[in-house]
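Only one structure is covered here, and it is reproduced in the block below.
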Amino acid sequence: MLMVPEILQVVIVGLMILIPTILIYKKAGLNPVWAALVFLPGFGLLLIFLQLAFMPWPNAKQGPIS
């Protein structure tokens, strides 16, 4: 049987994770569609952290190396 309150709770929690992730991708200069990886069960959030940690950010300021 389909329970509306549980589904609503899942949607709200999903949006609470998805929206900040989209904003992080936008500020980093990356495509925010990658934030959909959050919904991969088990390792989606891990993939996002690895991607943000090891990909070069287009918006990163490249200063002179001393």
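Computed over all pairs of different Cα atoms, the Kirkwood value for the hydrodynamic radius of the chain is 13.6 Å. Descending by average beta-carbon neighbour count within 10 Å, the peptides 40-46, 53-59, 25-31 line up as 25-31, 40-46, 53-59, the highest first. Computing FRET efficiency as 1/(1 + (r/R0)^6) for Trp57 and Val4, where r is the C-beta to C-beta distance and R0 is 30 Å, gives about 0.15. Phi angles across the stretch 56-62 convert, under the Karplus curve 6.51 cos²θ - 1.76 cosθ + 1.60 with θ = phi - 60°, into 3J(HN,Hα) values of x, 8, x, 8, 5, 6, 9 Hz, Gly and Pro given as x. For the chain, the relative contact order comes to 25 percent (Cα pairs under 8 Å, sequence separation of at least 6).
Taken together, the values in this text are just the output of simple stated rules run on the coordinates, not laboratory data. Remember, predicted model here, so these are calculated numbers, not experimental data. Heads up, the Cβs are rebuilt from the backbone with ideal geometry, glycines too, and the neighbour counts pull from every protein chain shown.
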